[in-house]
Each structure stands twice: as structure tokens, then as C-alpha cells.
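What follows is one structure encoded as C-alpha cells, with my remarks underneath.
The values are calculated or read from the model by the stated rules, or taken from the named source; none is laboratory data. Note that this is a predicted model, so its numbers are computed, not measured. Using ideal geometry, Cβ is built from the backbone for each residue, glycine included, and neighbour counts are taken over all protein chains shown. The accessibility values were calculated without ligands, DNA or RNA, using every heavy atom of the protein model including side chains. Shrake-Rupley method; radii C 1.70, N 1.55, O 1.52, S 1.80 Å.
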Amino acid sequence: MQIEYIKVAGVILSLLGTIVLAMRVTKILGVLTMAVKMADMNMQIEAARANGNRDMPNIRMYGSTTHIEGAEKLGTKMLVLGFALQIIGGACTAASFIL
């Protein structure tokens, strides 16, 4: 009976680890997408003003590094947690087969 609990715990922990890692990837991709869009908008404005379009406002978007750094800090914690959950889940599953 205890072996069944260990198997179930292994599956649940592995699944939770996978979900945490997926959330981490989604968060980092979202922040990087925002940073690329900001850089692209800055280049479009600069190109339009260089072509003589003075009606284009001279606006610069900045601050993407702050978001990226925040995502990296949270991302590192989520990476460690996700892999730890997967390793513990795998160990529980392996232990259920050995016991």
C-alpha cells in the first residue's frame, strides 16, 4: 500500500516540476518578447525621423532590462524548484520499483 503512495507522489512531484519549468519559460519568453517589441518600436521611430518625418514624436522606450533582470531572478528560483521537484519525483518513482 505504501508503494502505491510513493508511485503517486513521484508522478505528482514530476508533474509539478514540469509545470513550474513551463511557467518559467513562459515568463522569460514574455519578458523577452516585450524587450524585442520595445527595441523594434525605438528603431521604427528612429528610422521615421531619419527619413524626415518630423511629425513622428521623438519617444524612446526604455526599462526592458529591469523586467528582464526581474524575470531572471524569479526564473532561477523556478528553475531550481522545477528540477528539484522532478528529481524528487523521479527518485520516488524509482524507489517504488525497487521496494
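Structure summary
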item	result
Heavy-atom accessible area ranking, 1.4 Å probe, most first, across T93, T66	T66, T93
The chain - mean residue ellipticity at 222 nm from DSSP helices (-39,500 (n - 2.57) per run, n ≥ 4, rounded to 500)	-31500 deg cm²/dmol
Pairwise centroid distance, computed over Cα atoms, of region 34-48 with region 51-99, Å	23
For the chain, the longest site-free run once trypsin sites (Lys or Arg not before Pro) in DSSP loop states with at most 11 other Cβ atoms within 10 Å are removed	1-53
Rg to Rh, two decimals, where the chain supplies the alpha carbon set and Rh follows Kirkwood	1.38
Solvent exposure of the chain as accessible area per residue, Å², 1.4 Å probe	73
Chymotrypsin sites (Phe, Trp or Tyr not before Pro) within region 1-85, DSSP loop, no more than 13 other Cβ atoms inside 10 Å	Y62
Phi to ³J(HN,Hα) by Karplus 6.51 cos²θ - 1.76 cosθ + 1.60 over region 61-77, Hz, x for Gly, Pro	9, 9, x, 5, 5, 4, 5, 5, 4, x, 5, 5, 5, 5, x, 5, 5
For L16, solvent-accessible area (1.4 Å; no DNA, RNA or ligand), Å²	80
Within region 46-74, backbone nitrogen closer than 17 Å to the virtual label 7 Å beyond the Cα of A39 toward Cβ	46-47, 60-72
